[in-house]
Each structure stands twice: as structure tokens, then as C-alpha cells.
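The values are calculated or read from the model by the stated rules, or taken from the named source; none is laboratory data. Every value quoted in this text rests on a predicted model; they were computed, and no experiment measured them. Positions of Cβ are generated from backbone atoms using ideal geometry, with glycine treated the same way; all protein chains shown enter the neighbour counts. For accessibility, only protein heavy atoms count, side chains too; no ligands or nucleic acids. Shrake-Rupley method; radii C 1.70, N 1.55, O 1.52, S 1.80 Å.
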Amino acid sequence: MLHLTSGRLGSFMARRATVALTTSSARMASHGHGTMTPVTLPVSVHPEVSDTVDMSQPMYWDRRDIPLPDRAYKVDLSAADKSLKQKEKGSWTQLTKEEKIALYRLMFCKTFPEMNKPSAEWKTVLGGIFFFLGFTGLVVWWQKAYVCPERPRTFDDDWQAKQLQRMLDMRINPIQGLSSKWDYEKGQWK
């Protein structure tokens with residue numbers, strides 16, 4: 001599906017580039033003149049641009065919830081495949097086990113056990129998560145070591161103890177505040 005989308009995007013971008021080249025050259029040719037003279041540029045065909053794909057045609061996919069896809073897996077049949085398809089029209093008791101498997105593989109890409117088989121994609125996802133967590137940790141460490149300033153001295157426990165003692169000595173908010181919870185006669189909290 002991604003291949004088809006990139007092919008459509010590539011052909012769209014090639015058409016836009018062609019239109020942009022012809023319109024910009026026409027603008028340059030008309031700059032400073034009363035009439036516009038048409039200029040044609042040769043358009044090169046890029047090999048990386050793929051043909052457009054008709055997305056209205058049925059597509060094949062392996063899905064457990066839709067066991068019968070809209071079309072067969074293999075559309076372009078070889079001579080051996082065509083002869084096998086002719087044999088299919090006869091009695092199936094005359095077909096060998098390998099021929100039956102080959103007929104199945106013409107119609108379907110994967111079997112149900114192959115579709116149900118877990119992938120190892122979780123390892124890639126988990127590895128990516130750990131990589132970005134590690135990188136983020138390095139960035140945070142670097143910022144803490146080289147970018148952020150030193151911690152202010154007002155965060156130290158000694159400073160906060162002295163600040164609290166000063167507030168109590170000054171009797172700040174004696175009615176409902178901090179000083180109202182201090183017993184000045186006993187020298188302890190109420």
C-alpha cells in the first residue's frame with residue numbers, strides 16, 4: 001500500500017513540477033514586456049516516477065476477519081500455473097497434495113496459522129522506546145550539568161530553618177498565621 005501511495009505522490013509531484021516550470025518560464029519571458037511570449041521547456045521523464053495505479057480495482061490483502069479477498073493473490077499466471085488451473089476444473093481426487101498447496105498459494109498468500117503468527121515488531125518498538133528514553137536522559141543530564149544554574153541557597157535546609165526562626169522572632173501573622181501556632185513561653189509548636 002505504501003508503494004502505491006508513494007507512486008501516486010511521485011506522479012503528482014512530477015505534474016506539479018512540470019506546471020511550475022512552464023508557468024515560471026512564461027512569467028520570466030513576459031517580465032518587462034507588454035505581451036507575453038510563450039516559452040516551452042523540454043520535460044524530462046524521471047525514472048523514479050512510477051505509473052499510476054487504478055485504486056478502484058479490487059485489491060488483495062490477508063486479513064483474518066475477511067477470509068476471502070476481492071481478488072486472487074497471483075494475477076499473472078505462468079504456463080505451469082495455467083495448466084494447474086485447468087487441472088483444478090477436473091476431479092480433485094486426482095490432484096496431489098503439492099498441487100493442492102500450489103493452487104492454494106495461487107489464491108492466497110498466507111494461511112491462517114501464518115497470519116496468526118506473532119511478529120517480532122514489539123522488539124523494534126521497545127528498542128526505539130528505550131533508545132529515546134536513554135537519549136532524553138542524556139539531554140536532561142547535560143542540561144543539569146552544563147546549562148542550569150546552581151541551586152539557590154534558599155532551598156538548603158539550614159537556610160529554611162533560619163528563615164522560619166526569623167519569622168517566629170518577628171511574630172509574622174500572629175492571629176491566624178505561622179506565629180499563632182507557636183508557643184513562645186514553652187518554645188515549641190502548639
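Take the residues in the stretch 109-157 that are part of a loop (DSSP other than H, G, I, E, B) and either touching a helix residue (DSSP H, G or I) at 6+ places or on another chain (Cβ under 8 Å) or within 30 Å of Lys85 (Cβ to Cβ) (or both); name whichever of them is most open to solvent (accessible area, probe 1.4 Å). Spell out the reasoning first.
Of all residues in the stretch 109-157, those part of a loop (DSSP other than H, G, I, E, B) come to 109-111, 117-120, 148-152, 156.
Adding the requirement that they be either touching a helix residue (DSSP H, G or I) at 6+ places or on another chain (Cβ under 8 Å) or within 30 Å of Lys85 (Cβ to Cβ) (or both) leaves 109-111, 117.
Numbers: Cys109: 40, Lys110: 91, Thr111: 36, Lys117: 145 Å².
Here the answer is Lys117.
Taken over the stretch 158-175, the criterion of being loosely packed, with under 10 Cβ neighbours inside 10 Å and either under 56 Å from the mean Cα position of the chain (by Cα) or part of a strand (DSSP E or B) (or both) is satisfied by Asp158 alone. Among the residues examined, Cys148 does not qualify as touching a residue at least 24 places away in the same chain (Cβ under 8 Å) and of a type outside the set (D, E, K, R).
In the set (1) more than 20 Å from Leu68 (Cβ to Cβ); (2) within 26 Å of the chain's Cα centre (by Cα); (3) hydrophobic (A, V, I, L, M, F, W, C), Ala145 fails one condition alone, (2).
Looking at the stretch 66-86, which of its residues are in a loop (DSSP other than H, G, I, E, B) and either among the basic types (Lys, Arg) or open to solvent by 60 Å² or more (accessible area, probe 1.4 Å) (or both)?
So in the stretch 66-86, the residues in a loop (DSSP other than H, G, I, E, B) come out as 66-78.
Ile66, Pro67, Leu68, Asp70, Arg71, Tyr73, Lys74, Val75, Asp76 - these are the residues of the stretch 66-86 that are in a loop (DSSP other than H, G, I, E, B) and either among the basic types (Lys, Arg) or open to solvent by 60 Å² or more (accessible area, probe 1.4 Å) (or both).
For the stretch 63-79, how many residues meet the condition of being under 22 Å from Asn116 (Cβ atoms) and among the acidic types (Asp, Glu)? Count: 2. Comparison of Leu178, Leu106, Leu95 shows that the only residue that is touching a Leu at 6+ places or on another chain (Cβ under 8 Å), open to solvent by less than 100 Å² (accessible area, probe 1.4 Å) and at pLDDT below 90 is Leu178.
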